[in-house]
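Step one of this worksheet: look at the structure below.
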Amino acid sequence: MLLEKINEPNDIKKLSPDELPVLAKEIRAFLLKTLSVTGGHVASNLGDVELTIALHRVLDFPSDKLIWDVGHQSYTHKILTGRRDQFASLRQYGGISGFMNPDESSCDPFISGHSSTSIAVASGLAQARQLKGGRENVVAVIGDGALTGGLAYEALNNVSRLKSNLTIILNDNHMSISENVGGMSTHLSSLRTSSGYKGLKNDIEESLRKIPGGEQAIKRIRRTKNGIKQLLIPGMIFENMGIMYLGPVDGHDIGSMIRLIRQALTVEGPVIVHAVTRKGKGYLPAEKNPSLFHGIGPFDLATGKPLQKKEKPDYTDIFSRTLVGEAERDKRIVAVTAAMGIGTGLRRFRRDFPDRYFDVGIAEGYGTTFTAGLAAGGMLPVFAVYSSFLQRGFDQLIHDVAIGGYHCVFAVDRAGIVGRDGITHQGIFDLSYLTMIPGVTVMAPKDGRELKRMLTFAIREMNSPVAIRYPRGEAADLSEESLFGDGEPIEYARAEIIKKKSSDRVLLFAIGSMVGTAIEAEVILNEAGIPVSVVNARFAAPLDKDFLIRECDGYDLIVSMEENVRFGGFGEKVLSVLAQSGYRGDFLNISIPDEFVPHGSCEELKRETGLDASSVAAAIIKRIEDQKIRGGSR
């Protein structure tokens, strides 16, 4: 097999041109065999195999710099840089990442997990090269979906000032995760179908060559910004910005890609190579349903069907059904997503209320301000967005939502540890960055039933900004664990008592997903002879200060529990209230250490960060024993 000859960076240069299409087939077969076991980003990586081969045929690694946007389309790059033997560990705890990672290889110059960043990063690398007098090539590969993000436009606006080469490969596969939207998508569609332009351009050049002085005329036309492309394709946005445009070219034609990339690298200044590819190429299930195969768990290779069947609804399902029910009742309700309509569960809403569904593309900052504008215009917007993606709208949350006090609901999906997508996707900061904003109510449900009630409460009872954060995966059902069966009615800034006796000396004050963990830890602690109360905080902002102040002196140890980083999080706010109340007992903050969390299963990562029930119980027992040694806290 040819693939066995690729063990080090640049080994691909040892193959003959005729062997490259065979290598592409072998890489696709290898990816499918591996990803059907590990899961991963299937469709995007099947779509850029030839494009990546062409880049590796031309570039030299690690001296040349190749930035992928988004980094999840870099699997073939990883294979061609000597990581084939590690692919069985892809996205597994302790294994290789599903994204670019300089810690894995010097051929990965930058961590890239979020979208629309590559051109900005590459322009910085190119500018640094220019200042240092370097000669390495700098290439950014950006998907057309990523061009819906504002950062990409900011970068394009600045790269025209570069005095040296920067090559941008536009990997145009017609979609991001969901179908692309907006003006750039329309513009690229017109370029893809401009076969008439290419034929007419060639005809004009051939005609000019047949007349005296024709060659000089062709050269003059090519030198001018308003050349043949400007005459025949109005609004050539890239060339109008001072960026040379080459293409469109078939991104699956290795020879054509190699020729165009080599041509681009000779140009002084920025160049865009427009390559048209097909997501999921070579695997019919992924070609038919690229959204499903964007990021998928283990699947049956013969049928393409996921191996892990959903037995119970997950939090996203419950959010989806509840929102549709509320929208039937209230015609003011509109739904907003940032290119994640399927991932956030809004497909059902789009089907039932197409005129009230808005996909803004990969543009969370715009989506946040757009949401505020909808609210200012009298609508009741619900923005469904992943926790780690909402970070990109933080400035807009403050200036455009909170200052105006608009009634916007942010459904913050994938909050907490998300698992195998790893370091760039863990939703472990939202309790910190949301609760610091004045006027924003932040809730987190203990289970699926409570998510439904919280969303209804946020829509019907609130009249100001509110965020509901909920985790990835199957929804818990803790109704039998509560003293109140289906749970106490939700009251603003009021906690729910799960278990409380006057003899209990330890209080577990937990938020969101950690309520279930607190219930499990209580069983372990009870068996160890330690009586424990369990309270569901429900609200991270504002906290139920009245409960804490009223009840705190009845406990020797109060334990806050959250699936969020420690710094600025829920626990620190609980401690602040206790300090102000004069609490003299001991306090323990159970949270994620202030560090980034790698990839792995959620169970592994919770165990490693001390968030599983056994670790929580062990930490409490140790704290109690330490207090006994020191003579107690009071």
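Consider only pairs whose beta carbons are under 8 Å apart and that are at least six residues apart or on different chains; among these, list those whose first residue lies in segment 149-176 and is in the same structural domain as G341 (by TED's automatic domain parsing) and among the aliphatic types (A, V, I, L, M) and whose second residue is part of a helix (DSSP H, G or I) and surrounded by fewer than 19 Cβ atoms within 10 Å (Cβ to Cβ). Once the first residue is in the same structural domain as G341 (by TED's automatic domain parsing) and among the aliphatic types (A, V, I, L, M) and sits in segment 149-176, no partner that is part of a helix (DSSP H, G or I) and surrounded by fewer than 19 Cβ atoms within 10 Å (Cβ to Cβ) comes close enough.
Of all residues in segment 297-318, those being modelled with pLDDT of 95 or more and either under 27 Å from A286 (Cβ atoms) or surrounded by fewer than 18 Cβ atoms within 10 Å (Cβ to Cβ) (or both) number 3.
In contact (Cβ under 8 Å) with a residue 40 or more places away in the chain and within 22 Å of the chain's Cα centre (by Cα): is that true of L46 in this structure? It is true that L46 is in contact (Cβ under 8 Å) with a residue 40 or more places away in the chain and within 22 Å of the chain's Cα centre (by Cα).
Filtering segment 611-627 to residues that are in a helix (DSSP H, G or I), touching a residue at least 60 places away in the same chain (Cβ under 8 Å) and either crowded, with 21+ Cβ neighbours inside 10 Å or out of contact with any helix residue (DSSP H, G or I) (no Cβ under 9 Å at 6 or more places or on another chain) (or both) leaves V616, A617, I620, R623, I624, Q627. For first residues located in segment 1-26 and within 23 Å of G280 (Cα to Cα) and touching a residue at least 60 places away in the same chain (Cβ under 8 Å), partners that are surrounded by 14 or more Cβ atoms within 10 Å (Cβ to Cβ) and aromatic (F, W, Y) and lie 6+ apart or on another chain with Cβ distances below 9 Å form the pairs L3/F30. One residue stands out in segment 252-292 among those that are over 26 Å from E154 (Cα atoms) and among the small types (G, A, S): the one that is surrounded by the most Cβ atoms within 10 Å (Cβ to Cβ), namely A286. Quick check on D330: is it touching a residue at least 12 places away in the same chain (Cβ under 8 Å), of a type outside the set (S, T, Y), surrounded by fewer than 17 Cβ atoms within 10 Å (Cβ to Cβ) and closer than 19 Å to D430 by Cβ? So D330 fails the test.
Looking across segment 303-343, the residues that are part of a strand (DSSP E or B), closer than 21 Å to S387 by Cβ and β-branched (V, I, T) come down to V336, T337. All of I417, I403 fail the test of being surrounded by fewer than 20 Cβ atoms within 10 Å (Cβ to Cβ), modelled with pLDDT of 95 or more, hydrophobic (A, V, I, L, M, F, W, C) and out of contact with any Phe, Trp or Tyr (no Cβ under 6 Å at 6 or more places or on another chain), apart from I403.
Using the structure shown, decide if R348 is touching a Ser or Thr at 6+ places or on another chain (Cβ under 7 Å), more than 22 Å from A43 (Cβ to Cβ) and surrounded by fewer than 21 Cβ atoms within 10 Å (Cβ to Cβ). Against the criterion (touching a Ser or Thr at 6+ places or on another chain (Cβ under 7 Å), more than 22 Å from A43 (Cβ to Cβ) and surrounded by fewer than 21 Cβ atoms within 10 Å (Cβ to Cβ)), R348 qualifies. Examine segment 53-63 for a residue that is out of contact with any Cys (no Cβ under 8 Å at 6 or more places or on another chain) and closer than 22 Å to D421 by Cα, and state whether such a residue exists. Checking segment 53-63: not a single residue is out of contact with any Cys (no Cβ under 8 Å at 6 or more places or on another chain) and closer than 22 Å to D421 by Cα. Report yes if M443 is surrounded by fewer than 17 Cβ atoms within 10 Å (Cβ to Cβ), among the hydrophobic types (A, V, I, L, M, F, W, C) and in the same structural domain as A335 (by TED's automatic domain parsing), otherwise no. The answer is no for M443.
The values are calculated or read from the model by the stated rules, or taken from the named source; none is laboratory data. Remember, predicted model here, so these are calculated numbers, not experimental data. Every residue, glycine among them, receives a Cβ derived from its backbone with ideal geometry; neighbour counts consider all protein chains shown.
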